[in-house]
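The values are calculated or read from the model by the stated rules, or taken from the named source; none is laboratory data. Keep in mind that what you see is a predicted model, and the values were worked out from it rather than measured. Please note: Cβ atoms are built from the backbone with ideal geometry, for glycine as well, and neighbour counts cover all protein chains shown.
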Amino acid sequence: MSEIFLDLKHIKKKYGSFTALSDINLQIKKGELVCLLGPSGCGKTTLLRIIAGLEKPTDGEVYINGNNVTSYPPSRRNFGIVFQSYALFPNMTVYENIAFGLKNKHLPKSEIDKKVKEILEQVNLSSQIKKYPMQLSGGQQQRIALARALVMSPDFLLLDEPLSALDAKVREKVRKEIRSLQQKLGITTIMVTHDQEEALTMADTIVVMNNACVMQQGSPTDVYDNPTSSFVADFIGSINFFKGNLSKNANITTDKQLEEKLLKKSGNLLKACRPEDIEIVEERSLNSFNVQIHNIEFHGYGYRLWLSLTEDEMSLNNEYLSFDISTEEFFKRSLSAGDIISIRFKRGKLHYFEEE
């Protein structure tokens, strides 16, 4: 079992009558990359600042490597931090930016040179050592900010929306580099993001937050495949919500016990299915129902069809049902807007939630 590096116990944070964090309990293992994921204002950045010691919790305790550091200032927590704004010194070269913290430690120049060159090799920017930040691309600047944080040999790394200022193509490249470097160094990393794709592709563990609370914690596959609430299901990936059965003739409920339990608890039940968990079948197949193709979108990897129910079917709580299909199958079936097709949900792929 991996060693617990960070342990947050009953963390609460209030600003007057406003609750920014409500009873957060979280354990992070040594060497893993954890993403705090959620919409703006959910409390994820406040939690990161409490871990760093930049904010004090109203209540609760922070443990690092088994030590209670709740009252410790940032200088005693030995972490590196990277912000979305890079925060590089514009009047200093790449070398001077990275060496800044080392010089403040009064290390010998030979040791500073060695450390700076080693970390620049790690981030593949040795050739940029004499340049100024304004001469670098956004992706390069972010990697220099990362190098500056890592050169101090921190016990853990904090990343506050590190990729949000980059365009999509550069963001994808830099996130691969950050993840690769984090795994190579084995450094415990906590990253704040509102981007579900970043969290799914980079994290060992995702912590989904909303309204000052942790909604769910788990591996990317677990959080995506087994969301514990309609909020998590809707925030991560695309999903269709509906009430009751979509067909008068087909029983699509696959977990009667769970359905009855939730109905008894709240009186309202939502069912949900992701677009990729639908399949086209022959008309009148078991559990199938008819839909009409309303709109077609090309997504590169395939097509997303927006489906409306025919008059024989019950209506959805949202207007259309989304369905993902491969390019090969799309052309094989010669589908077009206006076509009526029979579909069903793949076995075991329905989710059940209390209506929030």
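Take Met191 and decide whether it is in a strand (DSSP E or B) and modelled with pLDDT of 90 or more. Step through it out loud before you land on a result.
Details: in a strand (DSSP E or B): yes; modelled with pLDDT of 90 or more: yes.
So Met191 fits the description; yes.
Tell me the residue from Arg171, Arg179, Arg143 that is surrounded by 15 or more Cβ atoms within 10 Å (Cβ to Cβ), under 18 Å from the mean Cα position of the chain (by Cα) and free of Cβ contacts under 8 Å to residues at least 40 places away in the same chain, please.
Details: Arg179 fails: free of Cβ contacts under 8 Å to residues at least 40 places away in the same chain; Arg143 fails: under 18 Å from the mean Cα position of the chain (by Cα).
Answer to the check: Arg171.
So is Ile28 in contact (Cβ under 8 Å) with a residue 60 or more places away in the chain, in contact with a Phe, Trp or Tyr (Cβ under 9 Å, 6 or more places away or on another chain), in the same structural domain as Val208 (by TED's automatic domain parsing) and buried (at least 17 other Cβ atoms within 10 Å of the Cβ) or not?
Here the answer is yes, as Ile28 does meet what is asked.
Restricting region 323-344 to residues that are within 14 Å of Ile278 (Cα to Cα) and hydroxyl-bearing (Ser, Thr, Tyr), which is surrounded by the most Cβ atoms within 10 Å (Cβ to Cβ)? Break it down into steps so the answer makes sense when it comes.
Kept after step one, since they are within 14 Å of Ile278 (Cα to Cα), are these residues of region 323-344: 323-326, 329-330, 341-344.
Then keep just the ones that are hydroxyl-bearing (Ser, Thr, Tyr); that gives 326, 342.
Working: Ser326: 12, Ser342: 15.
If we take residues in region 323-344 being within 14 Å of Ile278 (Cα to Cα) and hydroxyl-bearing (Ser, Thr, Tyr), then Ser342 is surrounded by the most Cβ atoms within 10 Å (Cβ to Cβ).
Going by the structure shown, is Glu161 among the acidic types (Asp, Glu) and out of contact with any strand residue (DSSP E or B) (no Cβ under 8 Å at 6 or more places or on another chain)?
Working: among the acidic types (Asp, Glu): yes; out of contact with any strand residue (DSSP E or B) (no Cβ under 8 Å at 6 or more places or on another chain): no.
Against the criterion (among the acidic types (Asp, Glu) and out of contact with any strand residue (DSSP E or B) (no Cβ under 8 Å at 6 or more places or on another chain)), Glu161 does not qualify.
Restricting attention to region 77-118, report how many residues are in a loop (DSSP other than H, G, I, E, B) and either among the basic types (Lys, Arg) or more than 20 Å from Gln135 (Cα to Cα) (or both).
Step one: list which residues in region 77-118 are in a loop (DSSP other than H, G, I, E, B), which gives 77-78, 84-93, 105-108.
From what's left, either among the basic types (Lys, Arg) or more than 20 Å from Gln135 (Cα to Cα) (or both): 77-78, 105-108.
The qualifying residues number 6.
Specify which of the listed residues (Glu356, Glu319) is part of a loop (DSSP other than H, G, I, E, B), out of contact with any helix residue (DSSP H, G or I) (no Cβ under 6 Å at 6 or more places or on another chain), acidic (Asp, Glu) and at pLDDT below 95.
Values: Glu356 fails: out of contact with any helix residue (DSSP H, G or I) (no Cβ under 6 Å at 6 or more places or on another chain).
Exactly one of Glu356, Glu319 is part of a loop (DSSP other than H, G, I, E, B), out of contact with any helix residue (DSSP H, G or I) (no Cβ under 6 Å at 6 or more places or on another chain), acidic (Asp, Glu) and at pLDDT below 95, namely Glu319.
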